[in-house]
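Worksheet: one structure, shown below.
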Amino acid sequence: MRRESGGAGRAGTCRAGWRRAVFGCGALLASLAVAAAPNEASAYAMDGKLGVGFEETLIALDGGLGPAGRSPDIRASGLGVWGWINDFGWEWLVGMHLRTAPEKATSWAAFTSLGGHFAVFRAPRVNLTAGLRVTIGLARADDGATADPATRVGFAFEAPLRAMYFLSDQFSIVGSLGPVLAINGDARSPLTGAKTSNEFTLFRGGFGGGVGFCVWLR
């Protein structure tokens, strides 16, 4: 993972944060607007649906660096699989990062996330869900003088409020927000870059939510 320094790095991070903010807010606002509009059509049925796509967890958004100024080893966003049974949905997210360099040990980081969501409101093209998610991050890095030779682990718990807007029966976009609790142990957490602390954040970063999309296979 490359870290930028100085004003250029901060400006780039700020611009990236604003882009995520605009996209995420747009997805949520559009979904909620459609949900609030009067419509005689029936609610959008989710039972039996199965899909794949991409989603950011809430821990993926930058809520600040650890006390030592270290960035997370991995941004917890990646491939997702979703399934629905009646009004209950499950999800599995996974991602990884691998770095190799001559005469240095291979550095790697990975995460996996499991969650469940319950549909609290359904409209013809939008579902509003509330859920719980647990994210686990693993990393092993060796950067010479700043070596972290041992495999490190970090945990995060989230309660996302999520709006899923269906552009068609086969494709939907997602926007979510909610509180995050990160558990940082004695070793630096791959998810936050911090250690020996617990972090509770109601809104992370400039927006405080994750975005994503899903292609529905059935």
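Only the coordinates and a few stated rules stand behind these numbers; no lab work does. Nothing here was measured: the structure is a model prediction, and the numbers come from that model. When we count neighbours, we look across all protein chains shown, and the Cβ atoms used for this are built from the backbone with ideal geometry, even at glycine.
For S189, nonlocal amide neighbours, meaning residues 5 or more places apart or on other chains whose placed amide H falls under 5 Å from its own, are A194, K195. By the count of other C-beta atoms within 10 Å, a proxy for reagent exposure, T201, T112 are ordered fewest to most as T112, T201. Quick one: if the Förster radius is 30 Å, what FRET efficiency do V120 and M96 give, using the C-beta to C-beta distance and rounding to 0.05? The formula returns an efficiency of 0.35 here. Placing a label point 7 Å from the Cα of F157 along the Cα-to-Cβ direction, the residues of the range 168-195 whose backbone N falls under 13 Å of that point are 179-184. 3J(HN,Hα) along the range 107-112: 9, 8, 8, 8, 9, 9 Hz, from the Karplus curve 6.51 cos²θ - 1.76 cosθ + 1.60 with θ = phi - 60°, whole Hz, x for Gly and Pro.
Our estimate of slack between R218 and A150, defined as 0.36 nm per intervening residue step minus the Cα-Cα distance, is 20.2 nm.
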